[in-house]
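The values are calculated or read from the model by the stated rules, or taken from the named source; none is laboratory data. Computed from a predicted model, the values in this text were never measured in an experiment. When we count neighbours, we look across all protein chains shown, and the Cβ atoms used for this are built from the backbone with ideal geometry, even at glycine. Just so you know, the surface numbers come from the protein's heavy atoms only, side chains and all, with ligands and any DNA or RNA stripped out. Shrake-Rupley method; radii C 1.70, N 1.55, O 1.52, S 1.80 Å.
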Amino acid sequence: ESDWEEALRGVDVVVNAAGILREEGRQTFEDIHVRAPLALAQASTKKGVRFVQVSALGHPDDGGFIESKHRFDEALLALPMEAIVLRPSIVYSPQGSYGGTSLLRALAAFPGRHLLPGDGRWQFNPVSAEDLAEVVVAACSQGEKGIYDVGSEQSLSLQHYQAAWRRWLKIPGEGAWNVPECLVKAQVHVFHWLGKGPVNQTIWKMLQRGNQTPPGASERLKQRFGVRVRSLEEVLEQRPSQTQDRWAAQLYFLAPWLKWSMVALWLWSGIVGLVTPATDILAMVQGTALEHAYPVELARLTGGLDIALGAALAWAQRPRWAILAMLASAAAYLVGFGLAMPSATWDPLGGLVKNVVILPALAVLWVVADRR
């Protein structure tokens, strides 16, 4: 608590939007959703600072994310201070996406038809990040103490939500490919166990339960804060999609496919370099500039390098350096071996010439490596 008091000097209002969907290392629900903001709120009480909490709509039984958020909400409202708790439904923005909203856009942008988890019956009241921001700004100076659910007036099913995004993206194809719920559930369990991916068990439970605001919630927001939460269709009509929006949605699944294809290619190339018999290597370079350049040792060295780079791309948290190294090695192979072994350039299976395609593919992978 004392750590926050100095930071609150000259502050009139605090907005807390800190949150994590899954715990990782020292980042726990208890610390980020409860202990730290509670200390901040207690310090704000002493300073007479108004507190606006951006929480989340849902049921505590859905998981630690919602349970910890709501536990702090209750503790905040128990303090003798001006406090507003906002609980938005699914938040989206036509100006960008992150995590689960990126996944939903990608499902909507699938070729031919959009991919739909189950029958897409689940209901929620989506709210644009822009409208939520307006509510937050208004809550900084007005509104009675309490909890306010934030969402559009009319609820939408997941099927209608994705169809609206597909129309906005201007991607042809009506209807949906329904993905069986058992497969969706299996995917959720796998990525929850791995601790990665945009959807975990909490989000899946929230989706199945339905993330709906109670009747009259939208009108109550308008009366208290003077903000009307627009419908999804209205928001999308006011901001037409651009080429980069379609690229981002359609690259969502292509980017990991490209990454793991490169991992497989580099690992396979490395294994071949290590296990190819020395006699075969010597026969291959006979009569070329590499004949007297320690070709067997060179094959083993480049094989080891390829395996190292493939593993680095697979596991590095920030893989751009590995992609740059791959670019350099592919260019070196194309030029070096092309000059030293001209016959390799004319291989009917394109063993060396394939690098002409791999180089720009690696450049694209470098660009999308930091996608969210």
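Going by the alpha-carbon gyration tensor, a ≥ b ≥ c the square roots of its eigenvalues, is region 126-208 rounded (a/c under 1.5) or, if a/c is not under 1.5, prolate (a/b greater than b/c) versus oblate?
Oblate shape, in that a/c is at least 1.5 and b/c is the bigger or equal ratio.
Quick check on region 1-90: take the gyration tensor over C-alpha atoms, sort the square-rooted eigenvalues as a ≥ b ≥ c, and tell me if it's rounded (a/c under 1.5), prolate or oblate.
In terms of gyration-tensor shape, prolate.
What percent does the relative contact order of region 127-260 come to when contacts are Cα pairs within less than 8 Å and at least six residues apart?
46 percent
Between ALA316 and GLU174, with labels modelled 7 Å along Cα→Cβ, what's the label distance in nm to one decimal, could you check?
4.8 nm
Can you tell me, using C-alpha contacts under 8 Å and at least 6 residues apart, the relative contact order of region 47-164 as a whole percent?
Relative contact order, region 47-164: 32 percent.
Would you calculate the separation in nanometres between label points at LYS47 and GLN95, each defined as 7 Å from the Cα along the Cα-to-beta-carbon direction?
Distance between the two pseudo-spin positions: 2.7 nm.
Calculate log10 I(q)/I(0) of region 182-264 for q = 0.20 Å⁻¹, where I(q) comes from the Debye formula with a single equal point scatterer on each Cα and nothing for solvent.
-1.08
If you take the Cα Rg of the chain and divide it by 2.2 N^0.38 Å, with N the number of residues, what do you get?
Against the compact-globule rule of thumb, the ratio is 1.29.
In terms of modelled amide H atoms, which long-range or inter-chain residues lie less than 5 Å from the amide H of SER93?
Correct list: ALA129.
In nm, to one decimal, how far is the modelled label at GLU237 from the one at ILE271, with both set 7 Å along Cα→Cβ?
So the two model labels end up 5.6 nm from each other.
When the Kirkwood radius is taken over all Cα pairs of region 268-309, what Stokes-Einstein diffusion coefficient follows at 4 °C and 1.567 mPa s, in µm²/s?
Answer from the Stokes-Einstein relation: 127 µm²/s.
Sort out for me the Cα centre separation of region 61-109 from region 125-158, rounded to whole Å.
A separation of 11 Å, based on Cα centres.
Hey, if we sort VAL150, VAL179 by accessible area with the 1.4 Å probe, largest down, what's the order?
My answer, sorted largest first, is VAL179, VAL150.
Whenever you get a sec, line up ILE147, ILE281 from highest to lowest accessible area (probe 1.4 Å, protein heavy atoms).
Of ILE147, ILE281, the descending order of accessible area is ILE147, ILE281.
Could you let me know the centre-to-centre spacing of region 274-353 and region 1-42, using Cα atoms, in angstrom?
52 Å
So what is log10(I(q)/I(0)) for region 16-169 at q = 0.09, 0.12 1/Å, when the Debye sum runs over its Cα atoms only?
Here the Debye-derived log intensity ratios amount to -0.34, -0.59.
Evaluate the Kirkwood expression for the hydrodynamic radius of region 10-59, namely the inverse of the mean inverse distance over all pairs of different C-alpha atoms, and round to one decimal in Å.
In region 10-59 this quantity evaluates to 11.9 Å.
Express in nm, to one decimal, how much length is gained between LEU339 and ARG9 on full extension, taking 0.36 nm for each residue of separation and deducting their alpha carbon distance.
That pair, LEU339 and ARG9, stretches by 112.0 nm at full extension.
So how do ILE171, ILE203, ILE84 rank on accessible area, 1.4 Å probe, biggest first, that is with the largest at the start?
ILE203, ILE171, ILE84
Go ahead and estimate [θ] at 222 nm for the chain from helices alone: -39,500 (n - 2.57) per DSSP H run with n ≥ 4, summed, over the residue count, rounded to 500.
About -16000 deg cm²/dmol.
Expressed in nm to one decimal, what extension gain is obtained for the pair LEU349 and ARG228 from 0.36 nm per residue of sequence separation less their Cα-Cα distance?
37.4 nm is the gain from fully extending LEU349 to ARG228.
Show me the ranking of peptides 300-308, 49-57, 339-347, 119-127 by mean Cβ neighbours inside 10 Å, starting with the highest.
Listed from highest to lowest mean packing, they are 49-57, 119-127, 300-308, 339-347.
Which shape class applies to region 319-361: rounded if a/c is under 1.5, otherwise prolate when a/b exceeds b/c and oblate if not, where a ≥ b ≥ c are the square roots of the Cα gyration tensor eigenvalues?
It comes out oblate by the Cα gyration axes.
Only Cα pairs under 8 Å and at least 6 apart count here; give the relative contact order of the chain as a rounded whole percent.
The value is 15 percent.
Which whole-number percent of Cα pairs in region 285-372 have a distance greater than 14 Å?
Counting pairs separated by more than 14 Å, the tail of P(r) holds 70 percent.
Let's test the formula: R0 of 56 Å, r as the Cβ-Cβ distance of GLU144 and LEU301. What FRET efficiency results, to the nearest 0.05?
0.20
Give, in nm to one decimal, the length gained when the segment between ALA133 and ARG209 is fully stretched (0.36 nm per residue of separation minus the Cα-Cα distance).
My answer for the length gained is 24.8 nm.
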